[in-house]
Each structure stands twice: as C-alpha cells, then as structure tokens.
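The values are calculated or read from the model by the stated rules, or taken from the named source; none is laboratory data. Predicted, not measured: the structure shown is a model, and the values here were computed from it. So basically every Cβ, Gly included, is an ideal-geometry build from the backbone, and we count neighbours across all protein chains shown. We work out accessible area using only protein heavy atoms, side chains counted, and drop any ligands, DNA or RNA first. Shrake-Rupley method; radii C 1.70, N 1.55, O 1.52, S 1.80 Å.
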Amino acid sequence: MAESDTKKPFDTGLLAAGRRGGLSRIELVAGLLSLTWLGLSLAILAGSDSAAEGGAFGTVVAVLAVTLPVGLIWVLAQGARTARMLREEAVRLQAAADALRLAYLQQQQGPGLDNRPSMEKRIEDLARAQRETQDAIATFATRRDRAAETAEAPVPVRAGGQPPAPPPAPPRPARVASDPQPKLALDGIPEEVPPLTTEEFVRALNFPENASDRAGFRALRRALDDRIAAKLVRSAQDILTLLSEEGIYMDDLQPDRARPEIWRRFAQGERGLPVSALGGVRDRSCLALTAARMKQDPIFRDVAHHFLRQFDRVLVEFEAVASDQNLTDLAETRTARAFMLLGRVTGMFG
C-alpha cells in the first residue's frame, strides 16, 4: 500500500505530457489567426492601389502592417505555451515533493529507527533494574529464612502405630516473639543516606554526557534521591526537552561568563543592572525562538517559569555553602545555561 502511494505521483502522465511533441491547441489557434490575418491583408492590398502609388515607402508600410500582427500573435502564443509548461513543471515538482515527504514519514514510522533512547528513559531503566535487583535479593533472603523456620524432619511411626513424642520446639527468636508481623530480611540496608555534596549536585545539573558516563548517572541518581535537588533536576529535564524541540541545545550556547560574586548578589536578592551579566546568552536565533515559544505556547511558559522558580530557590541555599569555584562550575552546567537563556528572555536580570 505504501509503495503504491509513493509511486503514484510519478504515474500520472504529467511527465509524458511534457515530452510529447506536435502542435498544441495554442499553436493551432495562433496559426489559424495568422492565416486569417494574412488572407484579409492580402485581400485588402489586392483591392487597393495605395501601396503601388506610395512607392517603396508604401510597400514597406504594407509589409509591416501584414507581418507585425502575425509576429505579435506568435509571441503571445509562445508566452502562453511557456506558461503552460511552467504550470506542468510546478505540478510535477509538487508531486515529487509529496512522494518524498510520504517516503520520509513512512521511514520515520518504521521499526528500529529510534535507537537513541532519551535521558529520562535511560534513568527509568536504571532505576527499574535497581528495584528489580533489590526485590530479588529481598525475595531470596525471605524465602531462605522462611524455609529455615518451617523445615521439619520426617516423623517415624512405631510398630504399634503410635508416633513418638514430638521433639521440643526450638525457641523462637525474641524478635519474632515480640513482633507479631516479621520483617523482611533488609536489616542490613542503611536507612540514612549521606547528604548530597556540592560536587555531585553540580555534576547532576550538567546531566550525563553519554550512555557510558557512569559518574554522571551516579550523581544524577543521588540528586534524584534528594528531595530539594530532585525538583530542580526534573524541571530542568522538562525545559531542556522542550527547548530541544526548537533545535536549541545548551552545548551550542557560549554565554559570557559571570563572576562568582555576581551569582552571589543575585542569590542574595539583588536585581537589575548589577546582575545583568548573568544574561550572557548572545545567540539571537535562540533568543528569538525561545521568546516566540514563550508567547505562543502556554505549556512551555508554565514549565519555564516553574524551572526559573526552582533554580532561584535552590541557588539561595547553594550559594550559602558553595565556594567561588563551585559557583563557576555551576555556571558551566546545562541547567545554568538554560536558566541564563530563559532569565534573559523573561527580563529577570533587568
């Protein structure tokens, strides 16, 4: 079905119409008008003696009066023929463009094209694998404990048919006796998670470089486990995905670097000209595309404002414990570049 649709525009006969020879309707009409004009002109000149009385000048005028209209008729005929050929060529080009577009859409919908999973999909796969591993360990340990508790030896029967006295039951652990519902064998897992370090936080905001960036994925998982950092990471991921739909990627931006003290002044609540250096994105096409998307797409606008609020809120806490080098590293992350781009578009930096 798809193959027939793709080839159909080229089987319409338009190419054959452009190649066939012979006289078209336009040439036939032009020839008929020319013969009619020549017949009338010769009849008029034959019945008049003005050309002979006028000498050479009269002859020239008579020839021009006869030939000029004929030439004009054929000029108009050639113009009409050229216009017809241009229309047919436009139809053929449109048919070829439709066929290419249909083939491209079929290729896009074909299986096996999307071999590059998104960052969110990779993170979900890793988290799913980690949960399955933990569930398998917990299931194995629970089954082993339960089997050890319920294992019983076979009871031999005496010749008289009376079974021997059962052996005394082994004492149960105090934990089971005091707790009516036994716990799963996960007591060895520590309940307290070490706090997120500034280096891990900055590394997470830059996101993993590629699928083999284990340190980046480890820092990203640590940040997603942190309640405050996870909100910023998820909002940054959402806005970066929406910006990529416009062909805007943070790796392509080269914003002007702002000094760490400017970031501190912004985190401490200062606005206007003193912190305007934070809007160091100079790419006009990215700024224009982002501003247009902000005006036309309310979903994009809501996601952008949510991301700006989350970044501003986290920056206040991060600045209090970060060194100048930490702030410099933060400014180089993809999340900070998105903040600088959106902050300049929304006029946040004055």
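Take the Cβ atoms of T59 and R84, set R0 to 45 Å, and the FRET efficiency comes out at 0.75. With distances taken between every two different alpha-carbon atoms, segment 261-350 has a Kirkwood hydrodynamic radius of 13.5 Å.
With the convex hull of the Cα atoms taken as the outline of segment 201-320, the averaged projected area works out to 8.1 nm². Taking Cβ atoms as reference points and 14 Å as the exclusive limit, the residues near Q296 contribute a net charge of -1, counting Lys and Arg as +1 and Asp and Glu as -1. In segment 193-234, taking the dipole from charged Cβ atoms about the Cα centre, the farthest positive-side position among L220, F201, A230 is held by A230. For the set S34, S285, S24, solvent exposure ranked by accessible area (probe 1.4 Å, protein chains only) runs largest to smallest as S285, S24, S34. Heavy-atom accessible area, probed at 1.4 angstrom with all protein chains present, ranks R337, R81 as R81, R337, highest first. For segment 230-280, dividing the convex hull volume of the Cα atoms by the residue count gives 109 Å³ per residue.
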